[in-house]
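What follows is a short report on a single structure.
Nothing in this text is a laboratory measurement; each read-out follows from the coordinates by a stated rule. Nothing here was measured: the structure is a model prediction, and the numbers come from that model. Note: ideal-geometry Cβ built from the backbone for every residue, glycine included; neighbour counts use all protein chains shown.
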Amino acid sequence: MSLSEQFMDADELHPIDIVETLAEHHAWDFDRVADDQIAMAVEGQWRTYSITLAWSEQDETLRLICTFEMEPPNEKLPDLYEALNSVNDRCWAGAFTYWNEQRLMVYRYGLVLSGGQVAGPEQISTLIEAAISSAERYYPAFQLVVYGDQPVEQAMQVAIAEAYGRA
């Protein structure tokens, strides 16, 4: 049964209700922070990612924020920002930023659903998977720039070279 078929009988589901069902399905730890917000912890290969989705009725946008801790030394911040620019040039959807005060790497995306549009479960699932996939893909490059003293373009080669299959 597809994700959409599970929700066929529901009239107009709130997008956060769909996210909660997806979190239960994947057995992710989650907390329904408010009617319009949910926070989850999703285990990746490199890190456990904190993902928050929030629905804004005012601007009809489903906002996703995926974070993980990163504490670069202050002298490495210019290199990290250069890496962020390089990564964001390669991202088709969403963007990374670094919140220095909170010591968090952040991937953000806003799904605009204006005019009464409704996000389906496949669309929301893809949104979450894209955030995790992007974080997993670029995490090693950020690490190499900040802690491995590699130049940005050399570190980016790790993210660009996608592996096929498994060893």
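Couple of notes before you dig in:
- Of all residues in region 41-64 being farther than 14 Å from P15 by Cα and free of Cβ contacts under 8 Å to residues at least 24 places away in the same chain, the one that is surrounded by the most Cβ atoms within 10 Å (Cβ to Cβ): S50
- Test: residue in region 66-80 that is touching a strand residue (DSSP E or B) at 6+ places or on another chain (Cβ under 8 Å) and among the acidic types (D, E): yes
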